[in-house]
Amino acid sequence: MDTIARIKDPRYFQVAVLSSLLVFGVAVLEFGIRWQNAITIIATAQLVQYACTRLIGLPRFDPLSALITSLSLTLLLRTDVAALAALAATIAIGSKFFVRIRGKHVFNPANVALVSMMLLSDRAWISSGQWGSAAISAFALACLGFLVLTRAKRAETTIAFIAFFGALVFGRA
């Protein structure tokens, strides 16, 4: 891949935004992120991405997608059990390879893992208050998310997740 194509790849922008959010969250907002879980999630995601790439027979290993998913999981998933963090990374990356329609994964892999972990264990959760309660922060985060989604041309996975989640909430009510 030439340098210009790499610069235009929106995944580099996603990695930069997620990494910035992670650093800001840990340094300023004091997120309760355990470094052991962060390392476990990132390493497991890369290993599963590599294994699935070989298993499916793809021509080359691409670490960027797994890095994006693992950074998202690191930001959102809370657990005091490193094995659950590894399982979440495995579910997330595995879902990209095995839950597909027309060659594309349907759901956001990190969201699949988060929902799965909360259904499978009472030792995994999402700390929704970690971002603070200021509406401006939520709006800024939503804008950054929208920017990343439109640059990556992946808004359909988010829309599918929101619709599915809304149906589940509605059905539960």
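The values are calculated or read from the model by the stated rules, or taken from the named source; none is laboratory data. These numbers were taken from a predicted model, which means no experiment stands behind them. Backbone-built Cβ (ideal geometry, glycine too); neighbour counts: all protein chains shown. With ligands, DNA and RNA removed, areas are computed over all heavy atoms of the protein, side chains included. Shrake-Rupley method; radii C 1.70, N 1.55, O 1.52, S 1.80 Å.
A few points about this structure:
- Residue count, the stretch 22-39 (criterion: open to solvent by 30 Å² or more (accessible area, probe 1.4 Å), in contact (Cβ under 8 Å) with a residue 60 or more places away in the chain and not in a loop (DSSP other than H, G, I, E, B)): 0
- Restricting attention to the stretch 42-67 and to residues that are modelled with pLDDT of 95 or more and among the β-branched types (Val, Ile, Thr), the residue that is most open to solvent (accessible area, probe 1.4 Å) turns out to be Ile42.
- Scan of the stretch 120-173 for residues that are among the hydroxyl-bearing types (Ser, Thr, Tyr) and either at pLDDT 80 or above or outside any loop (DSSP other than H, G, I, E, B) (or both), ordered by number: Ser121, Ser128, Ser137, Thr150, Thr157, Thr158
- Looking across the stretch 92-108, the residues that are under 11 Å from the mean Cα position of the chain (by Cα) and at pLDDT 95 or above come down to Ala92, Ile93.
- Leu84 being over 18 Å from Val112 (Cβ atoms), open to solvent by less than 40 Å² (accessible area, probe 1.4 Å) and over 10 Å from the mean Cα position of the chain (by Cα): no
- Residues in the stretch 68-80 that are assigned to a helix (DSSP H, G or I) and either open to solvent by 30 Å² or more (accessible area, probe 1.4 Å) or hydrophobic (A, V, I, L, M, F, W, C) (or both): Ile68, Leu71, Leu73, Leu75, Leu76.
- Filter result (over 27 Å from Gly32 (Cβ atoms), among the aliphatic types (A, V, I, L, M) and free of Cβ contacts under 8 Å to residues at least 12 places away in the same chain) within the stretch 79-116: Ile101
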